[in-house]
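Values in this text are rule-based calculations from the coordinates and carry no lab data. Please read all numbers here as calculations on a predicted model, not as lab measurements. For neighbour counting, all protein chains shown are included, and Cβ atoms are generated from backbone atoms with ideal geometry for every residue, glycine included.
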Amino acid sequence: MKKIALLLSIAFFVLTVQACRKVSGRGPVVTESRSVADFKEIKSDISGQVYVTPSATYSVTIEAQQNVIDVIETVLNDNRLTIRVKNNTSVRAEDNIIVRVSSPDIRGLILSGSGNISANSPIATSDLYMKVSGSGDIYLNGLSAQSLDANVSGSGSIDIAGGSVNRQSLEITGSGDMDFLNMASGDADVKISGSGSAKVQATERLKVRITGSGNVYYRGSPAIDVNITGSGGLKHI
């Protein structure tokens, strides 16, 4: 029975590996536009670079070799645009994939894996949610919003170069980083579990909860509520 179970396991593994199609880019890089409707959230599940631009219109273009473009899906569901590779398909990390997305109302940026999302023009919105799962990075040139909720799980990072928000809530699980030091903020809530670090600015209130060796660096003179379990710290800079 043990031998049969072992043989079945090996057969299942072989079939699974064979079922996964591996795609290597061939030919020149081309650009393809995708037809999209309204969306407010952008989720990237690819290892490529996604550029997000605030605009009066919705658009999506992909730059890669044609056989790579053919396996990239852009799916709309509940105001969310998801960029992903087809099921049972993988694309070589060496094949550069660039996706350019524009939307007049950006409320969510979600990144899974090792890719990147960048917004080189400032984003203005009422509320923004950002999440990184894995080793990828999100970068915003600037943000103007009422509230910001940001979450990093893993070793990824989120950086915002400037702007202002009334309230920000940050959570890091793992070794990830957030740098919002140059973004003005009234209230800031920061929670770290692990060895990650966060840099924030707050003028009214700063609430910090750290479990582990993580650190929070802050600028401003807010009222502080802090609780630290472990070797982590809160440091004014």
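Things worth noting here:
- Annotation: amide H-H contacts under 5 Å for Leu109 (H modelled 1.01 Å from N, sequence separation of 5 or more, or interchain): Ile42, Tyr129, Met130, Lys131.
- Working from the Cα coordinates of segment 93-196, the gyration tensor eigenvalues give, after taking √(5λ), semi-axes of 21, 19, 10 Å in decreasing order.
- Per-residue 3J(HN,Hα) values for segment 27-34, derived from phi via the Karplus relation 6.51 cos²θ - 1.76 cosθ + 1.60 with θ = phi - 60°, read x, x, 6, 10, 10, 10, 8, 10 Hz in sequence order (x marks Gly and Pro).
- Full-extension gain in nm, Ser35 to Ser221, via 0.36 nm per residue minus C-alpha separation: 62.1 nm
- Between the C-alpha center of segment 106-162 and that of segment 176-237 there is a gap of 18 Å.
- Potential lengthening between Ile98 and Glu204 on full extension [0.36 nm per residue; Cα-Cα distance subtracted]: 34.2 nm
- Protection proxy ranking of 112-124, 31-43, by the mean of other Cβ atoms within 10 Å over each peptide's residues and highest first, is 112-124, 31-43.
- Test item: Cα-centred dipole of the chain, Lys/Arg +1 and Asp/Glu -1 on Cβ, debye: 720 debye
- From phi via Karplus (6.51, -1.76, 1.60), per-residue ³J(HN,Hα) for segment 43-56 in Hz, x at Gly/Pro: 10, 10, 10, 10, 8, x, 9, 10, 9, 10, 10, x, 7, 6
- Rg [Å, one decimal], Dmax [Å, integer] - the chain, C-alpha atoms: 20.7, 69
- Distance in nm between pseudo-label sites at Thr229 and Ser126 (7 Å out along the Cβ direction from Cα): 3.7 nm
- Selection from Leu234, Gly176, Gly194 lying farthest towards where the dipole of segment 169-236 points positive, charges on Cβ: Leu234
- One chain, two ends: Val71 and Asp149. Fully extended at 0.36 nm per residue, the span grows by 24.9 nm beyond their Cα-Cα distance.
- Only helices enter this figure: runs of n ≥ 4 DSSP H residues, each worth -39500 (n - 2.57), summed and divided by the residues of the chain, yield -3000 deg cm²/dmol at 222 nm to the nearest 500.
- Fewest-first sequence of Tyr218, Tyr51 by Cβ atoms within 10 Å of each Cβ: Tyr51, Tyr218
- For the pair Asn166 and Ser118, label points projected 7 Å from Cα toward Cβ lie 3.3 nm apart.
- Cα centroid separation, segment 70-89 to segment 19-46: 7 Å.
- Taking the DSSP beta bridges with both ends in the chain, the antiparallel portion is around 15 percent.
- For segment 109-123, 3J(HN,Hα) per residue [Karplus equation, 6.51 cos²θ - 1.76 cosθ + 1.60, θ = phi - 60°, Hz, x = Gly/Pro]: 10, 10, 10, 10, x, 10, x, 9, 10, 10, 10, 7, 10, x, 9
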